[in-house]
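The values are calculated or read from the model by the stated rules, or taken from the named source; none is laboratory data. Predicted model only: the values in this text are computed from it and were never measured. For neighbour counting, all protein chains shown are included, and Cβ atoms are generated from backbone atoms with ideal geometry for every residue, glycine included.
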Amino acid sequence: MSEAIVITSGKGGVGKTTACANLGVALASMGHKVVLVDADIGLRNLDVVMGLENRIVYDLVDVVEGFCRLRQALIKDKRLDGLFLLPAAQTKDKTSVTPDQMKQLVDQLKEEYDYILVDCPAGIEQGFKNAIAGADRALIVTTPEVSAVRDADRIIGLLESSGFDDPGLIVNRLKPKMVAKGDMMDIPDIIDILAIRLMGVVPDDEFIVVSTNRGEPAALSANRSKAGEAFRNIARRLLGEEVPFLDLTEHETFWEKLLKLIKTG
Amino acid sequence: MFGWFRRKEQSKEVARDRLKLVLMQDRMALAPHTMEQMKDAVIVAISRFVEIDEKGLEFEWKGNERNKALVANIPVRSVRRSAKAID
Ligand SMILES: Nc1ncnc2c1ncn2[C@@H]1O[C@H](COP(=O)(O)OP(=O)(O)O)[C@@H](O)[C@H]1O
Ligand SMILES: [Mg+2]
């Protein structure tokens with residue numbers, strides 16, 4: 001009954017790794033056994049976002065090449081019981097693993113874990129093909145910007161032709177103030193354009209930077225932040241729960257409106 | 001002064017319109033089969049009413065930045081007396 005979910009985007013820097021870490025933390029804190037797989041070979045990041053960089057001995061490529069057993073490469077999270085990380089290799093490149101090997105690896109992980117979250121590299125080349133190889137489901141991360149949404153559309157097309165029929169969308173870094181001013185695309189605009197199921201909206205939140213600095217994902221229950229709450233909600237939706245979307249609307253204040261009027265006048 | 005009341009197009013509207021267009025072009029470019037399938041579907045639909053020159057059938061994107069139209073040029077050989085039943 002386990003499920004492998006790939007977190008992908010096309011464009012880099014939109015929040016795949018952040019989403020992967022936070023959804024992993026959220027699912028594990030709800031009592032599930034979760035393993036995070038960093039498939040961004042050569043540009044390993046999930047380890048530092050999780051704050052587990054000092055514990056790495058072996059990596060994904062070591063496992064695939066038979067240098068160690070899978071169990072030896074898995075790092076146990078220091079805060080949550082059922083949470084593990086399989087780090088990417090830092091000194092190899094994407095071609096050191098094939099989609100078949102990735103699928104085998106994910107299938108092996110499924111024997112032990114409820115959820116396997118695969119952090120996909122940017123792009124549509126081999127790294128992407130590896131990351132989706134063993135996945136049952138896909139989550140696409142975008143920001144409300146033209147270039148990110150365009151790349152998301154391309155990825156949705158590629159996922160469809162690889163047999164993923166119902167991918168979910170996460171809109172990350174939404175700035176409610178800019179939306180209120182009409183200077184950022186709104187969720188209905190993006191959903192209308194991409195024609196895809198919305199899984200969640202994560203606001204742009206300085207706390208993400210703080211928590212990444214500390215290696216403590218925002219979704220850890222001790223942390224109180226809008227972004228952390230948004231990720232916890234997405235995790236619950238992944239489990240099939242119906243969770244209302246956070247109200248992120250912020251209106252311009254009277255003074256901001258007046259200032260704008262004077263500026264444009 | 002009067003500029004105060006003239007509404008400037010919001011940048012999100014510009015973004016949305018540009019995205020819609022660029023995605024139309026991306027999707028078309030990435031799906032060369034789609035044009036062929038569309039041609040076949042149109043031939044089947046229209047042939048019930050008119051006899052067309054299938055070889056001369058042409059599809060083309062027309063229009064400007066804002067409005068795109070799919071224009072079909074369909075050479076007709078003759079018009080049928082009554083619509084053919086679909087087989
Ligand atoms: N909701 C958010 N609010 C603020 N900063 C964010 C948010 N999501 C991601 N970031 C920041 O954006 C940068 C890129 O995020 P990352 O998850 O590494 O993207 P990707 O894995 O897609 O390349 C990081 O510095 C991260 O801290
Ligand atoms: Mg990343």
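Numbers below:
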| quantity | calculated |
| --- | --- |
| Per-region count, segment A:90-115, residues at pLDDT 95 or above, crowded, with 17+ Cβ neighbours inside 10 Å and closer than 22 Å to residue A:67 by Cα | 7 |
| From the options A:61, A:34, A:57, A:106, residue that is touching a Cys at 6+ places or on another chain (Cβ under 9 Å) and away from ligand 1 (no atom under 13 Å from the Cβ) | A:57 |
| Wholly within segment A:189-265, helices (runs of 4 or more DSSP H) carrying at least 1 residues that are closer than 30 Å to residue A:28 by Cα and within 16 Å of ligand 2 (Cβ to nearest atom) | A:206-214, A:226-238 |
| Count - residues of segment A:1-53 that are away from ligand 2 (no atom under 12 Å from the Cβ), in a strand (DSSP E or B) and more than 20 Å from residue A:108 (Cβ to Cβ) | 0 |
| Pick from segment A:226-261, criterion among the polar types (S, T, N, Q) and at pLDDT below 95, ranking: nearest to residue A:52 (Cα to Cα) | A:249 |
| Verdict on residue A:115 being within 24 Å of residue A:234 (Cα to Cα), touching a helix residue (DSSP H, G or I) at 6+ places or on another chain (Cβ under 7 Å), more than 16 Å from ligand 2 (Cβ to nearest atom) and more than 14 Å from chain B (Cβ to nearest Cβ) | yes |
| Residue in segment A:143-152 that is more than 30 Å from residue A:257 (Cα to Cα), within 16 Å of ligand 2 (Cβ to nearest atom) and touching a residue at least 40 places away in the same chain (Cβ under 8 Å) present | yes |
| Condition check for residue A:116: away from ligand 1 (no atom under 16 Å from the Cβ) and either in contact with a Ser or Thr (Cβ under 8 Å, 6 or more places away or on another chain) or part of a helix (DSSP H, G or I) (or both) | yes |
| Cβ-Cβ under 9 Å pairs, at least 6 apart or on other chains, segment A:158-187 side of a type in the set (Gly, Ala, Ser), far side within 16 Å of ligand 1 (Cβ to nearest atom) and modelled with pLDDT under 95 | A:180/A:250 |
| One residue from A:26, A:39 being closer than 21 Å to residue A:225 by Cβ and more than 10 Å from ligand 1 (Cβ to nearest atom) | A:26 |
| Residues satisfying the stated conditions in segment A:225-238, i.e. away from ligand 1 (no atom under 16 Å from the Cβ) and touching a strand residue (DSSP E or B) at 6+ places or on another chain (Cβ under 9 Å) | A:237, A:238 |
| Selection status of residue A:183, acidic (Asp, Glu), in contact with a strand residue (DSSP E or B) (Cβ under 6 Å, 6 or more places away or on another chain) and surrounded by fewer than 18 Cβ atoms within 10 Å (Cβ to Cβ) | no |
